[in-house]
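Everything below concerns the one structure shown next.
Values quoted throughout were computed directly from the atomic coordinates according to the rules given, and no laboratory measurement underlies them. Predicted model only: the values in this text are computed from it and were never measured. Cβ sites come from the backbone with ideal geometry, for glycine too, and all protein chains shown count toward neighbours.
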Amino acid sequence: MRGEGNTGQWKERDVNAIVQALPVFFVAIDAEGRTLVMNRAMLQALGYTLDEVVGKDYLSTFVPEAERRMLSEVFERLVKSRKPTFNRNHVLTRDGRELLMEWHGRPMFKPSGELDYFFGVGIDVTEQRRAQEALLKAEETYRTIFETTGTATIIIEEDTTISLANAEFTRLCGYSKEEIEGKKSWTEFFVKEDLDKMIRYHHLRRTDPDAAPRNYEARLVDRKGDVRDVFITVAMIPGTRKSVASFLDITERKRMEDALRRSESKYRFLFEKSTVLNTIIDINGTILDVNSLFLEKLGYSKDEVVGKDALDFVVPEQRERVSAFLEKDFKGEYTPEIEVDIYAKDGSVRTILFSSGAALLYEKDLPTGILITGIDITDRKRAEELARSQQQQLLQADKMATLGILVSGVAHEINNPNNFIMLNAKILSRVWDDIAPILEEHYKSHGDFTLAGMLYTKAHGRIAQLIAGISEGAQRIQRIVQGLKDFARQGGGELDQSVDINEVVRSAVLIVGNLIKKSTDRFSVRYGEGLPRIKGNFQQLEQVVINLITNSCQALPDRGRGIFLSTSYDEDSESIVLEVRDEGTGISPENLKHILDPFFTTKRNSGGTGLGLSVSYRIIKDHGGDISFSSELGKGTKVTVRLPAEPPSP
Ligand SMILES: Nc1ncnc2c1ncn2[C@@H]1O[C@H](COP(=O)(O)OP(=O)(O)O)[C@@H](O)[C@H]1O
Ligand SMILES: [Mg+2]
């Protein structure tokens, strides 16, 4: 232990040094209120040197006026009670700033008992106070936000108690703040089915905040027991075990979504199950959707169609037309119904009749697609075409039958007198041969004379011609009558021979050889090998081939154009096929309808009778066969004759 004197020394010297070194303020004031001493920390903070403050009246120099009275009372109390005090007041710096101080004051007395001086130890709490105020302000701001934000919001304690609820939340649930805050658990507000999940999230959020979802939907039950759909956002408040949850009432939105879904499924049902082909196409012509009937009819799967260009499915010849149709549809313009040939998956073509107009589909007022409906009319069209061609064949047959009867009568009537004419013309010709020298004699001895008003010298050369003309005319009549008789099946032979088509063609080519040579340098026949035979009449079939070759020869404008024949066997239809193709003038579509009619000819001025094809048609029909024409004006004509093959003999 140290001695007393030692302690006294320490007091004198070191206490002063310690006071000087303290980071807090130290000031001593005498009984008259004059400053005795200030430590370094205080001098520095106020901006004075020790000399400048010693002896100065403390209250009027260092205390703001407003606080002087209060502080002088503190001093008085100090003296009276003789006890330490605590008070808070401001001190003035040299440049007029105010520092907020917390002072611990103490009076010191002389041995006589009267006041010697006061001293105070003070802490500058200006910054602390400022921070506190800022904090308060921030809290106020957040509280305001919490209160006035449009969303129902609550603060949740770890034990699920709601410690704060804003006005919006009280509106949502129907309870007042007083009823909720600190009293209710959030778990009282949700339907049983949602609770398990939500409580799991509550705890998960406090152990692993990232693992719990920030947002989810749940069903809130309000005071009246009504259930509302809410969209919840939850987050932990940093540094606490509390969370903030906000609730968006989405009941209406959900109701609308449900309604939308219901109506959507209604329309999908109509789209899918309708008995027409439904297609939705977007503004670029891409297929967005098709229904199952569409897929069924055309044999595609959905992903072979959706996303593809609609025009890819249309036969190339029609693409331009269809594209114009779609364009009009998109503009909302009227489009009449349209038949479109569409490729099916198997490569076949089906005809779809698309209805007039299209339904525009909108998204936010902008047209995004069109719904086009169609029906598959392929089978109907085929049936119609078949009926039409059958009808035509019937008509043709009917015409032929009537004409046949008529013609056979007329032919007979004409034939007899025409035979006289031919016979008589021959006799006349011979008579003239005998008369001519006699007349010549007469002319030589008696000079010129007249015959039917013509001078003999002029007439005698022409009489032979006149007689020959009668003969030729009669022969032409005979040819026509023969044609008519053939046509009417007068004098036609039996159809019981076994005929080789190649022999028929060879024989016919031989007969019209001269005409062929006159007409073209390019004539060829491709004879099919090993062809079955035909049951029928050689001569009649030869007549057909002659007629066809003759027509082709007559159609050639120059010798450069060719004629090509071929014979073959078609296994599918078990028939012999004869093709006569020429590079002639072709037949106009208008004429094509009539070429089988008897007496239809475009060659009347050059001796055509118009019977060639009608006779040929008749013969082919008698053989159970068929004839068809395809022709293009200026390019040529192809005639195809099909005759049933004879079943192979056993
Ligand atoms: N190969 C062909 N090329 C062009 N026209 C043809 C051909 N075959 C037939 N025709 C047309 O058909 C018509 C009728 O033919 P057809 O019955 O043989 O009578 P004709 O030959 O006596 O005129 C012909 O006048 C001609 O206009
Ligand atoms: Mg002819």
Of the candidates Leu643, Leu596, Leu613, the one satisfying the condition of being closer than 16 Å to Asn547 by Cβ, more than 11 Å from ligand 1 (Cβ to nearest atom) and touching a residue at least 40 places away in the same chain (Cβ under 8 Å) is Leu643
Glu339 - would you say it is without any contact (Cβ under 8 Å) to a residue 12 or more places away in the chain, of a type outside the set (Lys, Arg), farther than 30 Å from Tyr216 by Cα and outside any loop (DSSP other than H, G, I, E, B)? no
If we ask which residues in segment 346-367 are over 19 Å from the mean Cα position of the chain (by Cα) and basic (Lys, Arg), their number turns out to be 1
Going through segment 520-545 in order, the residues found to be more than 59 Å from the chain's Cα centre (by Cα) and more than 23 Å from Ile620 (Cβ to Cβ) are none
Of the residues in segment 546-561 that are within 56 Å of the chain's Cα centre (by Cα) and surrounded by fewer than 18 Cβ atoms within 10 Å (Cβ to Cβ), the one that is farthest from ligand 1 (Cβ to nearest atom) is Gly560
So, first residue touching a residue at least 40 places away in the same chain (Cβ under 8 Å) in segment 548-567, second residue small (Gly, Ala, Ser) and part of a strand (DSSP E or B), Cβ within less than 7 Å, six or more apart or across chains; the pairs are Phe564/Ser524
Scanning segment 593-610 for residues that are within 13 Å of ligand 2 (Cβ to nearest atom) and either assigned to a helix (DSSP H, G or I) or buried (at least 22 other Cβ atoms within 10 Å of the Cβ) (or both), the one nearest to the chain's Cα centre (by Cα) turns out to be Pro598
Among Thr602, Thr637, Thr585, the single one that is over 19 Å from Val504 (Cβ atoms), without any contact (Cβ under 8 Å) to a residue 12 or more places away in the chain and β-branched (Val, Ile, Thr) is Thr602
Note on Glu590: of the conditions (1) surrounded by 20 or more Cβ atoms within 10 Å (Cβ to Cβ); (2) more than 7 Å from ligand 1 (Cβ to nearest atom), unmet is (1)
When (1) within 16 Å of ligand 2 (Cβ to nearest atom); (2) under 19 Å from Thr640 (Cα atoms); (3) basic (Lys, Arg) are applied to Lys518, the one that fails is (2)
Arg205 vs (1) surrounded by fewer than 19 Cβ atoms within 10 Å (Cβ to Cβ); (2) in contact with a strand residue (DSSP E or B) (Cβ under 9 Å, 6 or more places away or on another chain): all pass except (1)
message = Any residue at all in segment 306-323 that's on the phi > 0 side of the Ramachandran plot and either without any contact (Cβ under 8 Å) to a residue 12 or more places away in the chain or surrounded by fewer than 16 Cβ atoms within 10 Å (Cβ to Cβ) (or both)?
response = yes
When (1) within 11 Å of ligand 1 (Cβ to nearest atom); (2) within 23 Å of Lys518 (Cα to Cα) are applied to Glu579, the one that fails is (1)
For segment 342-370, the count of residues that are assigned to a strand (DSSP E or B), of a type in the set (A, V, I, L, M), surrounded by fewer than 17 Cβ atoms within 10 Å (Cβ to Cβ) and in contact (Cβ under 8 Å) with a residue 12 or more places away in the chain equals 4
